[in-house]
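Single-structure report; data block below.
The values are calculated or read from the model by the stated rules, or taken from the named source; none is laboratory data. Since the structure is predicted, the reported quantities are computational estimates derived from the model, not experimental observations. Cβ sites come from the backbone with ideal geometry, for glycine too, and all protein chains shown count toward neighbours.
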Amino acid sequence: MNRRLIIIIKSGEVIDYKLIRAARPEFTHDMKIDKITMIDSKSERVRVRLTARIDENGDLILDGYDSGEFVEEVLHHDDYEYSLTVKAEYKDTILLNLIKEKFKHDAEFRSWLDEKGIPSDFWSF
């Protein structure tokens, strides 16, 4: 299980934390996706949702929505909505950098593709 710790610090003091699991896509073999939930967590004080999607122009968009008591304390409003867009022309740059950072060998990459049900072809001689 892939877990992530989120720690919220205010004035040098830890005021909240949350241990979350990374969401896994649920899809069948060979199914192409254009949206995935990255975070969907809830604690007593805050709810955090983050999705990544590809829009109709091919742009990569991260959409976030935080709500709850903690958001109210910090922003004086009960919710916070945000979005980050990367133009389609830079998706390959992101992809290549992520592959370089995540995988040390092609076997790791192939294994990951198989785990996610993403088709690929391998050639050697």
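Could you please let me know if Asp66 is exposed (fewer than 14 other Cβ atoms within 10 Å of the Cβ), modelled with pLDDT of 90 or more and on the phi < 0 side of the Ramachandran plot? Walk me through it before giving the result.
Working: exposed (fewer than 14 other Cβ atoms within 10 Å of the Cβ): no; modelled with pLDDT of 90 or more: yes; on the phi < 0 side of the Ramachandran plot: yes.
Considered against the rule, which asks whether it is exposed (fewer than 14 other Cβ atoms within 10 Å of the Cβ), modelled with pLDDT of 90 or more and on the phi < 0 side of the Ramachandran plot, Asp66 comes out as no.
Just name the residue that is nearest to the chain's Cα centre (by Cα) out of those in region 40-58 that are part of a loop (DSSP other than H, G, I, E, B) and loosely packed, with under 15 Cβ neighbours inside 10 Å. Out of the qualifying residues, it is Asp55.
In region 59-125, counting only helices (runs of 4 or more DSSP H) that sit wholly within it, the ones holding 1 or more residues that are farther than 19 Å from Arg47 by Cβ span 91-102, 106-116.
With respect to the conditions (1) within 19 Å of Ile118 (Cα to Cα); (2) surrounded by 13 or more Cβ atoms within 10 Å (Cβ to Cβ); (3) acidic (Asp, Glu), Asp34 falls short on a single one, namely (2).
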